[in-house]
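Undergrad: What follows is a structure written as structure tokens; I'll ask about it next.
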Amino acid sequence: MGRIFGAVTAALVATAAPLLPANAAPVDLVTLYKDLHAHPELGFQEVRSAGILAAEARAAGFAVTEKVGRTGVVAVLKNGAGPTVLIRADMDGLPVLEATGLAYASTDKGHYDGGEDTPVMHACGHDIHMAVWVGTARWLAANKGAWKGTAVMVAQPAEEISGGARAMIDDGLFTRFPKPDVAIALHDDSRIPAGTVSVPQYRALSTASFMDVHVKGIGGHGAYPSTTKDPVVLASRIVTALQTLVSRENDPFQPAVVTVGSIHGGTKHNIIPDDVKLQLTIRSYDAAQQQRLLDGIQRVAKGEAIAAGISDALMPTFKLGPGAPPTLNDTPTAAKLKAAFEAKLGKQRVVELDPSMASEDFNLFGTEAGIPSVIWWLGGVPQNKWDAAQKGGPAIPSLHNAGWAPDPAPTIATGVETMAAAVAALMPPG
């Protein structure tokens, strides 16, 4: 399939606009992508990335405002009477040690506020999204005859910690700038090869809650466990018992996920600690289902604590952190975009995928503004790796995996193609 994209890739990724600083030589989108990939930044720290995108949008003729929602960028281009469309890309990376072996692999480090220093990687493809955003801005500026209206391009911070969309909205996104009639975004995907796309017609991404569970006990010498109430054993029992919330209590026709992503406790081989801390993510597509899971976690944890002989004073405690609502596409708009993509790319490159149990805060732009919104999936798997995996070869790394490495040229080219097709469909020049 890679041969299909030769001409379009060359045309799209070679469009020139200056990269920072303003007097630097022009770069193509793949070069830009590699630079962004090599220098990821964590949520609300995307100063360098935001500066690059702001400079690119200014060079294309947009009116640009920086530091919206701390590190976000809003770029506005007016082109006559017509709809206003919000086009979003997210910018932040993840605390992951890259293992792709790429020549442009990240070696950068960073930390969230109050956290430990960690390696940082674009393991979710936000570098692809930024490159597509720049390519779309260039296309909008160079093809004003193909669309009419107002483009509001949003470079959003902190998607990975579900805070960036809210921060931009609270900072006046819909009062300081033209209020959109529709919001669109794309996200790279490890389930389909580069050059293909998929448009969810309704369910796109699940709701997500994040919970900290503090498991308490009575510490002591590892040689005398009978004198303690071991929180390590209790936490282990809780982790195992939580699996029954899905395997034995859940309606199998209602998707649900309960994952313990982090467990920390203890300092030394022969010391039983006083406490263990768990970090959970809880996901579903239904508010009642989500509440059932949240309530069930507390019930299971407290029940296991009682079984372990923990006193009321040392019962587990729970802290619910910020989460994300389900991302539900507006069906009529999704159908219009799917038809536009099939016309542009051919039906064989527009495929069907099941809803994802990952989560996003993009949907807030639609719900807060009371407008339809659509996100679509942009295939990123290199064709040779896709073909090998279909024949039983090595599995393809998923998003958030240290080995995730999309094929930049066809992925970015298809991203710009579909963004251009979406704009033409939603903002027709007539």
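Undergrad: Looking at the stretch 362-395 only, could you name the residues that are crowded, with 17+ Cβ neighbours inside 10 Å and assigned to a loop (DSSP other than H, G, I, E, B)?
TA: Hits for the stretch 362-395 are F362, I371, P372, P382.
Undergrad: Let me ask something additional. When you scan the stretch 288-344, how many residues do you find that are in a helix (DSSP H, G or I), of a type outside the set (G, A, S), in the same structural domain as D181 (by TED's automatic domain parsing) and in contact with a strand residue (DSSP E or B) (Cβ under 7 Å, 6 or more places away or on another chain)? Give the steps one after another, and end with the answer.
TA: Within the stretch 288-344, the first condition is being in a helix (DSSP H, G or I), and the residues that meet it are 288-307, 312-314, 331-344.
Narrowing the set further to residues that are of a type outside the set (G, A, S) leaves 289-295, 297-300, 302, 304, 306, 312, 314, 331-333, 336-338, 341-342, 344.
When the remaining residues are screened for being in the same structural domain as D181 (by TED's automatic domain parsing), the result is 331-333, 336-338, 341-342, 344.
Restricting the remaining residues to those that are in contact with a strand residue (DSSP E or B) (Cβ under 7 Å, 6 or more places away or on another chain) gives 333, 337-338, 341-342.
Summing the residues that are in a helix (DSSP H, G or I), of a type outside the set (G, A, S), in the same structural domain as D181 (by TED's automatic domain parsing) and in contact with a strand residue (DSSP E or B) (Cβ under 7 Å, 6 or more places away or on another chain) in the stretch 288-344 gives 5.
Undergrad: Scan the stretch 316-353 for residues that are modelled with pLDDT under 95 and under 17 Å from the mean Cα position of the chain (by Cα) and jot them down. Spell out how you get there, then give the answer.
TA: Residues of the stretch 316-353 modelled with pLDDT under 95: 321-326.
Scanning the stretch 316-353 gives P322, G323, A324, P325, P326.
Undergrad: Looking at (1) touching a helix residue (DSSP H, G or I) at 6+ places or on another chain (Cβ under 6 Å); (2) farther than 30 Å from L378 by Cβ, which is the one condition that is false for P325?
TA: Against the list (1) touching a helix residue (DSSP H, G or I) at 6+ places or on another chain (Cβ under 6 Å); (2) farther than 30 Å from L378 by Cβ, P325 comes up short only on (2).
Undergrad: Consider the stretch 260-273. How many of its residues are touching a strand residue (DSSP E or B) at 6+ places or on another chain (Cβ under 7 Å), more than 16 Å from R237 (Cβ to Cβ) and assigned to a loop (DSSP other than H, G, I, E, B)?
TA: Selection size over the stretch 260-273: 1.
Undergrad: While we're here: So D170 passes all but one of these: (1) touching a His at 6+ places or on another chain (Cβ under 9 Å); (2) surrounded by fewer than 21 Cβ atoms within 10 Å (Cβ to Cβ). Which condition number does it fail?
TA: Checking D170 against (1) touching a His at 6+ places or on another chain (Cβ under 9 Å); (2) surrounded by fewer than 21 Cβ atoms within 10 Å (Cβ to Cβ), the one that fails is (1).
Undergrad: Within the stretch 258-273, can you find the residues that are crowded, with 17+ Cβ neighbours inside 10 Å and touching a residue at least 40 places away in the same chain (Cβ under 8 Å)?
TA: Those that are crowded, with 17+ Cβ neighbours inside 10 Å and touching a residue at least 40 places away in the same chain (Cβ under 8 Å): G265, I272, P273.
Undergrad: Now for a separate question. Are there any helices (runs of 4 or more DSSP H) wholly within the stretch 2-100 with 2 or more residues that are at pLDDT 95 or above, farther than 22 Å from K179 by Cα and within 26 Å of the chain's Cα centre (by Cα), and if so which?
TA: Hits in the stretch 2-100: 29-38, 47-59.
Undergrad: Still on this structure, I have one more. Tell me whether the stretch 141-150 contains one or more residues that are outside any loop (DSSP other than H, G, I, E, B), in contact with a helix residue (DSSP H, G or I) (Cβ under 7 Å, 6 or more places away or on another chain) and crowded, with 20+ Cβ neighbours inside 10 Å.
TA: No.
Undergrad: Any residue that is assigned by TED's automatic domain parsing to the domain that holds D312 and closer than 30 Å to I375 by Cα - is there at least one of those in the stretch 223-239?
TA: We begin by selecting, within the stretch 223-239, every residue assigned by TED's automatic domain parsing to the domain that holds D312; these are 223-239.
Adding the requirement that they be closer than 30 Å to I375 by Cα leaves none.
No, the stretch 223-239 contains no residue that is assigned by TED's automatic domain parsing to the domain that holds D312 and closer than 30 Å to I375 by Cα.
Undergrad: Here's something else I'd like to know. Kindly indicate whether any position in the stretch 248-257 is under 27 Å from L328 (Cα atoms), within 19 Å of the chain's Cα centre (by Cα) and among the aromatic types (F, W, Y).
TA: Checked the stretch 248-257: no residue is under 27 Å from L328 (Cα atoms), within 19 Å of the chain's Cα centre (by Cα) and among the aromatic types (F, W, Y).
Undergrad: Determine, yes or no, whether S190 is within 22 Å of L36 (Cα to Cα), of a type in the set (S, T, Y) and either at pLDDT 95 or above or surrounded by fewer than 18 Cβ atoms within 10 Å (Cβ to Cβ) (or both).
TA: Yes, satisfied.
Undergrad: Tell me which residues, restricted to the stretch 195-232, are surrounded by fewer than 22 Cβ atoms within 10 Å (Cβ to Cβ), out of contact with any helix residue (DSSP H, G or I) (no Cβ under 6 Å at 6 or more places or on another chain) and under 30 Å from K347 (Cβ atoms).
TA: Selection gives S198, R203.
Undergrad: Another one. Out of the stretch 261-273, which residues are more than 17 Å from A358 (Cβ to Cβ) and within 36 Å of the chain's Cα centre (by Cα)?
TA: Within the stretch 261-273, S262, I263, H264, G265, G266, T267, P273 qualify.
Undergrad: Among the listed residues S398, S359, identify the single one that is assigned to a loop (DSSP other than H, G, I, E, B) and surrounded by fewer than 20 Cβ atoms within 10 Å (Cβ to Cβ).
TA: Testing whether each residue is assigned to a loop (DSSP other than H, G, I, E, B) and surrounded by fewer than 20 Cβ atoms within 10 Å (Cβ to Cβ) leaves just S398.
Undergrad: Just one of (1) farther than 19 Å from I371 by Cα; (2) crowded, with 24+ Cβ neighbours inside 10 Å trips up D117, so point out which.
TA: Condition (2) is where D117 drops out.
Undergrad: Related question: Does the stretch 413-421 include one or more residues that are among the hydroxyl-bearing types (S, T, Y) and surrounded by fewer than 22 Cβ atoms within 10 Å (Cβ to Cβ)?
TA: Of all residues in the stretch 413-421, those among the hydroxyl-bearing types (S, T, Y) come to 414, 418.
Next, from what is left, pick out any that are surrounded by fewer than 22 Cβ atoms within 10 Å (Cβ to Cβ): none.
No, the stretch 413-421 contains no residue that is among the hydroxyl-bearing types (S, T, Y) and surrounded by fewer than 22 Cβ atoms within 10 Å (Cβ to Cβ).
The values are calculated or read from the model by the stated rules, or taken from the named source; none is laboratory data. What you see is a predicted model, and the numbers here were worked out from it, not measured in a lab. Neighbour counts run over all protein chains shown; Cβ positions are idealised from the backbone, glycine included.
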